[in-house]
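Have a look at the structure below before the remarks.
Only the coordinates and a few stated rules stand behind these numbers; no lab work does. Just so it is clear, the model here is predicted, and its values are computed rather than measured. No Cβ is skipped: glycine too gets one built from the backbone with ideal geometry, and neighbour counts run over all protein chains shown.
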Amino acid sequence: MSGTYHVYFLMSLKDGKFYTGQTTDLKSRLAQHNRGRVRSTKARLPFKLVYWESLETRSAAMKRERKLKSLKHADKLKLVKVFERGKIG
């Protein structure tokens, strides 16, 4: 969706660590990560998309990405669990 920015967590199925990023196309970006096209994640394949938020501006997405990157691993796990419960409905 053009004009909508997404901040996301990917979880490495290899080591259980998170990668935090932003994009306008989640599906395409996940594919890039899993094809090894992103240098910073290439050694930790494969990845699963476990969390995302949608924001209206790139500036807001960048600010939120910085905040999410500063969270400790345990806090990211809590956020993912809440997110997953919300998706189930």
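Rounded, prolate or oblate: which fits the range 25-69 when a ≥ b ≥ c are the square roots of the eigenvalues of the alpha-carbon gyration tensor, with rounded for a/c under 1.5 and prolate only if a/b beats b/c? Judged from the Cα gyration tensor, the range 25-69 comes out prolate (a/c at least 1.5, a/b above b/c). Annotation for LYS14 and ARG58: the two label points, set 7 Å from Cα along the Cα-Cβ direction, are 3.0 nm apart. With a Förster radius of 30 Å, plug the Cβ-Cβ distance of THR24 and HIS73 into 1/(1 + (r/R0)^6) and report the FRET value to the nearest 0.05. Computed FRET efficiency for THR24 and HIS73 comes out at 0.65. A value for Cα Rg over 2.2 N^0.38 Å was derived from the coordinates, and within the list [x] 1.47; [y] 1.32; [z] 1.05 it appears as [z]. Under 5 Å between amide hydrogens, built in the peptide plane, is the criterion, and for LYS17 it picks out SER12 among residues at least 5 positions away or on other chains. May I ask which residue of LEU77, THR23, MET62 lies farthest towards the positive end of the charge dipole of the range 14-87, with charges of +1 (Lys, Arg) and -1 (Asp, Glu) on Cβ and the Cα centre as origin? Selected residue: LEU77.
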